[in-house]
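Worksheet: the structure to be examined is printed underneath.
The values are calculated or read from the model by the stated rules, or taken from the named source; none is laboratory data. For clarity, every value in this text was computed on a predicted model and none was experimentally measured. Reconstructed Cβ throughout: ideal geometry from the backbone, glycine too, with neighbour counts over all protein chains shown. Remember, those area values only see protein heavy atoms, side chains included, never the ligands or the DNA or RNA. Shrake-Rupley method; radii C 1.70, N 1.55, O 1.52, S 1.80 Å.
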Amino acid sequence: MTRVPATATRRRYDNTLRREKAGQTAFRIVDAATELLRESSIRHWGALTIRGVAERAGVNERTVFRHFPNERALRDAVMMRLEEQAGVNLANLRLDGIPDAALRIFSHVSSYPPESRPPLDPTLADASRRQHQALLAAVGEAAPQWPESDRKLVAAMFDVLWGIASYERLMVDWQFDHDEAARAITWTIGLLQQAVLNGTPPTPANKLHRS
């Protein structure tokens with residue numbers, strides 16, 4: 001029987017111990033970065049600097065760089081942690097899992113401070129108010145038997161769909177041209193319109209969510 005030298009056994013033990021400690025340190029650094037992000041809007045990642053995270057984690061900047069070569073690598077690790085915390089696995093996402101994934105994302109985001117928005121110009125604020133009233137009236141006329149909360153929810157979704165932000169996101173993030181962006185939005189509006197005409201109210205969230 002071949003005997004393993006004690007020095008080799010000791011070396012493997014030391015290497016394993018170092019890897020475990022390194023893993024714990026990296027985990028603590030990502031924890032600290034996640035805590036910093038939680039103190040601001042989830043959309044504002046300006047606090048996730050190497051210096052700021054090092055201070056929160058109680059390590060020096062060199063230690064952070066040892067595990068994450070740059071801020072992008074650190075932020076990528078934080079994003080993966082956020083997805084884990086939300087319970088969202090994008091690699092295995094399927095069509096029937098999209099509603100559940102959306103609910104998980106929204107539930108996670110709700111634990112962060114809301115992002116403050118500057119007040120609208122009075123002309124824009126008045127236009128927004130008139131749009132809301134018009135959409136509420138249109139939905140109310142088509143579905144007078146629905147609870148007010150359901151009518152308001154549907155009117156709000158029409159407002160989201162025809163909003164400039166939705167159109168611009170399709171143009172910029174998805175790189176659609178005008179025709180494709182307009183087609184995507186009007187198609188979705190048509191589906192929502194048909195649901196109202198068919199008497200299909202919004203499904204309660206607790207019936208969509210599957211633990």
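Some values worked out for this structure:
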quantity	calculated
Residue pairs meeting the criteria (Cβ under 8 Å; at least 6 apart or on separate chains; first under 23 Å from Ile42 (Cα atoms), in segment 61-80; second among the hydroxyl-bearing types (Ser, Thr, Tyr) and modelled with pLDDT under 95)	Glu71/Thr49; Val78/Thr34
Tally, over segment 122-147, of residues that are closer than 16 Å to Pro202 by Cβ and among the polar types (S, T, N, Q)	1
Qualifying position, being modelled with pLDDT of 90 or more and part of a helix (DSSP H, G or I), among Ala22, Ala77	Ala77
Verdict on Arg12 being at pLDDT 90 or above and in a helix (DSSP H, G or I)	no
Output for segment 148-186, where each listed residue is open to solvent by less than 70 Å² (accessible area, probe 1.4 Å) and either more than 27 Å from the chain's Cα centre (by Cα) or within 15 Å of Pro201 (Cα to Cα) (or both)	Asp150, Arg151, Val154, Ala155, Ala156, Phe158
